[in-house]
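S.K.: This structure is in structure tokens; I'll ask about it shortly.
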Amino acid sequence: MSKKPIIIGVAGGSGSGKTTVTRAIYDQFKDTSMLVIEQDYYYKDQSHLPFEERLKTNYDHPLAFDNDLLREDLNKLLNRQSIEKPVYNYEMHTRSDETISVEPKDVIILEGILVLEDERLREMMDIKVFVDTDSDLRIIRRMMRDINERGRSIESVIDQYVNVVRPMHLQFVEPAKRYADIIIPEGGHNYVAIDLLTTKIKSIIEDKHS
Ligand code: C5P
């Protein structure tokens, strides 16, 4: 298909279930060529900084992301060109040396805490989704994940949540909810919302690609 790809933005707080929603959408479109771009992979490269300095970075602030590179890559994908997607290492707090070659697809899901916060990214999206989950569930999920998968201690997760994640969520993530076309309460297990979203995506695909 040579028509312009569609971009679906999926935002929401850390631990809200963005990845589950993304996977649920992905599973509904087995016959459609679709790819996922994680905004996290576009954290600014910090390899020039010592490890101790990287620990001090505020990873929940919009300026932590290299949205210029992200937009550049999205534009390439929209023009049916392949990209070299960065790979992010949460234990080292920086990009790794490797990249992943990504071929253009008909539908692109752009997932990340702050994808709706950046007006230039919003303008590229055909549909904007916000996954809205209570903070107690988000902190529990984040704690399990960061300890099991991102090499963190309980103390560091709590400290980061109270001092950085929570205030940044209130300042930047939550306010961007107003830009969403669809707000999904309780994330990826809200099957009614996923069904509605899937129907809408199908109609956009039909409109755009017919
Ligand atoms: O997958 P999720 O949306 O939770 O990823 C975003 C979170 O990753 C941010 O809230 C940020 O605090 C965290 N992060 C981190 N360390 C990094 C990069 C991101 O804890 N080096």
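S.K.: Relative contact order (percent) for segment 113-210, with alpha-carbon contacts under 8 angstrom and 6 or more residues of separation?
M.R.: Details: 63 pairs, mean separation 41.0, N = 98.
Answer for segment 113-210 is 42 percent.
S.K.: How far apart, in nanometres, would the label points at residue 61 and residue 84 be if each is projected 7 angstrom from Cα along the Cα-to-Cβ direction?
M.R.: The answer from the label model is 2.9 nm.
S.K.: Starting from a Cα-only point model with no solvent, please compute log10 I(q)/I(0) by Debye for the chain at q = 0.10, 0.11 1/Å.
M.R.: After summing over all Cα pairs, the log10 values are -0.43, -0.52.
S.K.: Loop-only check: which trypsin sites (Lys or Arg not before Pro) in segment 106-157 are DSSP coil with at most 15 other Cβ within 10 angstrom? Walk me through the numbers on the way to the answer.
M.R.: Details: sites: 120, 122, 128, 138, 141, 142, 145, 150, 152; in loops: 150, 152.
Sparse-neighbourhood loop trypsin sites (Lys or Arg not before Pro): 150.
S.K.: So, one more: Once phi is turned into θ = phi - 60°, what whole-Hz ³J(HN,Hα) does the Karplus curve with 6.51, -1.76 and 1.60 give for every residue of segment 176-188, x standing for Gly and Pro?
M.R.: 6, 4, 5, 8, 6, 7, 9, 10, 9, x, 6, x, x
S.K.: Rounded to the nearest 0.05, what FRET efficiency do residue 46 and residue 119 have when you use their Cβ-Cβ distance and R0 = 25 Å?
M.R.: Values: r = 25 Å, r/R0 = 1.01.
FRET efficiency, residue 46 to residue 119: 0.50.
S.K.: Still on this model: By the gyration tensor of its Cα atoms, with a ≥ b ≥ c the square roots of the eigenvalues, what is the shape of segment 24-77: rounded for a/c under 1.5, prolate for a/b over b/c, or oblate?
M.R.: Prolate, since a/c reaches 1.5 and a/b exceeds b/c.
S.K.: For a label point 7 angstrom out from the Cα of residue 149 toward its Cβ, which stretches of segment 1-35 have the backbone nitrogen within less than 20 Å?
M.R.: Under cut-off, by backbone N: 9-28, 35.
S.K.: May I ask you to sort 204, 140, 7 by Cβ crowding, counting other Cβ atoms within 10 Å and putting the fewest first? Don't skip to the answer; put the middle values down first.
M.R.: Details: 204 15, 140 12, 7 22.
So the residues, fewest neighbours to most, are 140, 204, 7.
S.K.: Can I ask one more? Taking θ as phi - 60°, what are the ³J(HN,Hα) couplings along segment 111-127 by the Karplus curve (6.51, -1.76, 1.60), each to the nearest whole Hz, with x for Gly and Pro?
M.R.: 10, x, 4, 10, 5, 8, 6, 8, 4, 5, 6, 4, 5, 7, 8, 8, 8
S.K.: Also, I was wondering about something else. Once the dipole of segment 71-195 is set up with Lys and Arg at +1 and Asp and Glu at -1 on Cβ about the Cα centre, which of 153, 139, 114 lies farthest towards its positive end?
M.R.: So the residue furthest toward the plus end is 114.
S.K.: Could you pull out every residue, at least 5 positions away or on a different chain, whose amide H is within less than 5 Å of the one on residue 186? Hs are placed 1.01 Å off N in the peptide plane, and Pro or chain starts have none.
M.R.: 132, 133, 134
S.K.: Positive end of the charge dipole of segment 19-164 (Lys, Arg +1 and Asp, Glu -1 on Cβ, about the Cα centre): tell me which of 124, 162, 34 has its Cα farthest that way.
M.R.: Towards the positive end, the residue furthest out is 34.
S.K.: Just to be sure I follow the definition: excluding the sites themselves, where is the longest run in the chain that has none of the GluC sites (Glu not before Pro) in a DSSP loop with at most 11 other Cβ atoms within 10 Å? Walk me through the numbers on the way to the answer.
M.R.: Working: sites that count: 91, 123.
The longest uninterrupted stretch comes out as 1-90.
S.K.: Turning to a different aspect of this structure: Using DSSP to call loops (not H, G, I, E or B), can you name the trypsin sites (Lys or Arg not before Pro) in segment 1-43 whose Cβ has at most 14 other Cβ atoms within 10 angstrom?
M.R.: 3, 30
S.K.: Which value in Å is the Kirkwood Rh of segment 51-176 over different Cα pairs?
M.R.: Details: mean 1/r = 0.0611 Å⁻¹.
When all Cα pairs of segment 51-176 are included, the Kirkwood radius is 16.4 Å.
S.K.: Sticking with this structure for a sec: What's the whole-number percent of alpha carbon pairs in segment 1-116 lying beyond 20 angstrom?
M.R.: Details: 2973 of 6670 pairs.
Result for the distance tail: 45 percent.
S.K.: Cα centroids of segment 34-49 and segment 145-210: how far apart, whole angstrom?
M.R.: Result: 17 Å between the Cα centres.
S.K.: Students often get this wrong: which residues of segment 56-91 have the backbone nitrogen under 17 Å from the point 7 angstrom along Cα-to-C-beta of residue 179?
M.R.: Those under the cut-off are 60-75.
Rule-based calculations on the coordinates, nothing more; no lab input. No experiment lies behind these values; they were computed from the predicted model shown. Positions of Cβ are generated from backbone atoms using ideal geometry, with glycine treated the same way; all protein chains shown enter the neighbour counts.
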